[in-house]
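First the structure, in the form of structure tokens, and then the observations on it.
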Amino acid sequence: VQLVESGGGLVQAGGSLRLSCVAPGRTGSNYAVGWFRQAPGTERDLVAAIDWSGTTTYYADSVQGPFTISKDNGKNTAYLQMNSLKPEDTAVYYCASSWAATMTIHQREYNYWGQGTQVTVSS
């Protein structure tokens, strides 16, 4: 199952972007979703995660507050709303879906991934 991200781009510091993640080949909605990011020369890190129902969420300390993760099960789509963006948020952002319904912070529990979308924040 290939996930498809969209919504990345170039934005000035302080601006906003909303990333979308569609799972066209995935049936049902009972899966957790995570958003990860990877900047050049760094490891891929978890930014935010959400359980299948959208009621339980996790945020990395660096994005707590300005970023919001959500999930629309009717559309099989997850979102990452990013506000007050900073240059250090520049990275390729990936969405991933888990084999589990409960929220997880462990990359090994995500089995379907998207190709990534570039987010660049200029100062």
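The values are calculated or read from the model by the stated rules, or taken from the named source; none is laboratory data. Worth saying up front: this structure is predicted, and the values here are computed from it rather than measured. We place every Cβ from the backbone using ideal geometry, glycine too, and count neighbours over all the protein chains shown. For the accessible areas, the whole protein counts, side chains as well, though only heavy atoms, and no ligand, DNA or RNA atoms are used. Shrake-Rupley method; radii C 1.70, N 1.55, O 1.52, S 1.80 Å.
Annotations for the structure displayed:
- Scanning region 75-113 for residues that are over 24 Å from GLY15 (Cα atoms) and not hydroxyl-bearing (Ser, Thr, Tyr) yields a total of 14.
- Condition check for TYR58: open to solvent by 40 Å² or more (accessible area, probe 1.4 Å), part of a strand (DSSP E or B) and on the phi < 0 side of the Ramachandran plot: yes
- Across region 100-123, the number of residues qualifying as outside any strand (DSSP E or B), touching a residue at least 40 places away in the same chain (Cβ under 8 Å) and either open to solvent by 70 Å² or more (accessible area, probe 1.4 Å) or touching a His at 6+ places or on another chain (Cβ under 6 Å) (or both) comes to 4.
- A search for C-beta distances below 6 Å between a residue of region 38-63 that is closer than 24 Å to PRO87 by Cβ and touching a residue at least 24 places away in the same chain (Cβ under 8 Å) and any residue that is open to solvent by less than 20 Å² (accessible area, probe 1.4 Å) and part of a loop (DSSP other than H, G, I, E, B), counting only pairs 6+ apart in sequence or on different chains, returns VAL47/ALA60; VAL47/VAL63.
- Only listed residue being touching a residue at least 60 places away in the same chain (Cβ under 8 Å) and in a strand (DSSP E or B), chosen from SER84, SER70, SER97: SER97
- Exactly one residue among TYR93, TYR58, TYR79 is over 16 Å from ALA23 (Cα atoms) and modelled with pLDDT of 95 or more, and that residue is TYR58.
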